[in-house]
Amino acid sequence: MEASYVGRASAVTRAVRERAADPTVEGVLVLAAEGAGVDPETFDPVLCEASVPVFGGVFPEVLFEGRRYTEGAVMVTLSVEPTTTVVTDLSDPETPIGPQLDERVPTPGETTGFVFVDAYASRIGAFVERVFESYGVGCTFLGGGAGSISMEQGPCLFTGEGMVADAAVLTTVELPSSVGVTHGWNDVAGPFRVNEADGTRLSMLGDESAFDVYRRVVADDSGAKLTRENFFEGAKSYPFGISRLHGETIVRDPYRVGDDGSLTCFGEVTEGEYLHVLGGDPASLVEAAGAASRTAMEGAEGDGPVVSFDCISRVLYLEDQFDAELDAIGDTTDPLAGALTIGEIGSGGGGHLEFYNKTVVVAQLEVP
């Protein structure tokens, strides 16, 4: 298993073809930056003609050897044959998820699952929950949400039939791994009961609109006046948190205000749950990233490549200090490959699989 970075957009398709044609390669993980310009017209032939599975997606940025890139692609070649399952029409409530999953149960403790979803699909939580119900703790999971930071949905996932949108891709490989999941955000206010929600749209917290509650908390904590016009900029510092027993708090990132005072989040929110508004500081986020890396390293029984999926909104929050986060991750690891995602996926506390926001997922794969 080897990782490499190709910086020039024109070289990405050629590099993928070359790696897929290598007789020692059984599969290729491709993490392309949005700025690489990968699109169905140029990349579908590469995906459809490859003699081995090529999987992954397009993300706001990619990571390689401790640096972030807005262009190019990171490629990880696999020496073990992967099995890929694609779930299409993910936002359609009539789409059955279970029948589209591979019926084979992974070997407990010996299987790693890469999970990539269209970040703008509305049933990511249902997909992630169904995957966990099907495979349980027999598989270690990691991955994240693909798509454009522009918030426009389009083909962003790589499959054997080309690039797809509104879908999820699960690729399993018979290699053990260890995962660390942390975020570093802390409670500011709450809990607030979710009295009305529909998928990713949060309408009512208690007896008030979600936006009214949220902007009051932000004003009380920071003195800033949050409006519909400046919402995206202000919200990057104040995500929601959903508590989980024996697991990392599930962070939900609100990114849009509706005319009715609802808030749209990356990831579903369920009626009856209780939310906190969270806050943080650069030091706590950087320390959390280092903790995720240490957890992954301490749980691994052998050497292998390190893969990390970190949230693009942490970059927006940390700005110039994000380099310190990458340094904290790399302090205990070999050079890593990964992506800056729109939502992160990992099997955190107790092995349970979750879709997170504003979180760091680090994994070390164990290669024989």
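Coordinate-derived values only; no laboratory data. Note that the coordinates shown come from a computational prediction; the quantities given were computed from them, not determined experimentally. Here the Cβ is made from the backbone with ideal geometry for all residues, glycine too, and neighbour counts use every protein chain on show.
Quick notes on this structure:
- For the pair residue 208 and residue 221, the difference between a 0.36 nm per residue extended length and the Cα-Cα distance amounts to 2.8 nm.
- Amide H contacts of residue 26: 78, 79, 80, each under 5 Å away and 5 or more positions distant or on a separate chain (H built 1.01 Å from N in the peptide plane; Pro and chain starts excluded).
- Anisotropy class of the range 186-279 from Cα gyration tensor, a/c 1.5 cut: oblate
- Each peptide in 23-33, 202-212, 271-281 was scored by the mean count of other Cβ atoms within 10 Å over its residues; highest first, the order is 23-33, 202-212, 271-281.
- Computed over the chain: relative contact order in percent, which uses C-alpha pairs under 8 Å that are six or more apart: 21 percent
- For the chain, a Gaussian network of Cα nodes joined below 10 Å ranks 93, 176, 60 by mean-square fluctuation, and the top entry is 93.
- In this label model, residue 320 and residue 301 are separated by 4.6 nm, measuring between points 7 Å along each Cα→Cβ vector.
- Of the peptides 358-367, 216-225, the ranking by mean beta-carbon count within 10 Å, highest at the top, reads 358-367, 216-225.
- Kirkwood Rh and Cα Rg combined as Rg/Rh, the chain: 0.95
- Selection among 131, 178, 66 by position relative to the dipole of the chain gives 66 as farthest towards the positive end (Cβ unit charges, Cα centre).
- Each residue of the range 42-49 was assigned a 3J(HN,Hα) from its phi angle through the Karplus curve 6.51 cos²θ - 1.76 cosθ + 1.60 (θ = phi - 60°); the sequence is 8, 9, 4, x, 5, 5, 6, 8 Hz, with glycine and proline shown as x.
- Computed from backbone phi, the HN-Hα couplings of the range 276-282 come to 10, 8, 10, x, x, 9, x Hz, rounded to whole numbers (Karplus: 6.51 cos²θ - 1.76 cosθ + 1.60, θ = phi - 60°; Gly and Pro given as x).
- What the Cβ-Cβ distance of residue 193 and residue 233 gives, at R0 = 35 Å and to the nearest 0.05, is a FRET efficiency of 0.80.
- Dipole magnitude of the chain, debye to nearest 20 (Cβ charges: Lys/Arg +1, Asp/Glu -1, about Cα centre): 300 debye
- Relative contact order for the range 135-285, counting Cα pairs under 8 Å that sit 6 or more residues apart, in percent: 27 percent
- Rounded FRET efficiency, nearest 0.05, which uses the C-beta distance separating residue 152 from residue 92 and R0 of 22 Å: 0.70
- For residue 165, residues with placed amide H under 5 Å, excluding near neighbours: 156
- Between the amide H of residue 141 and those of 113, 347, distances stay under 5 Å, these residues lying 5 or more places away or on another chain, with hydrogens modeled in the peptide plane.
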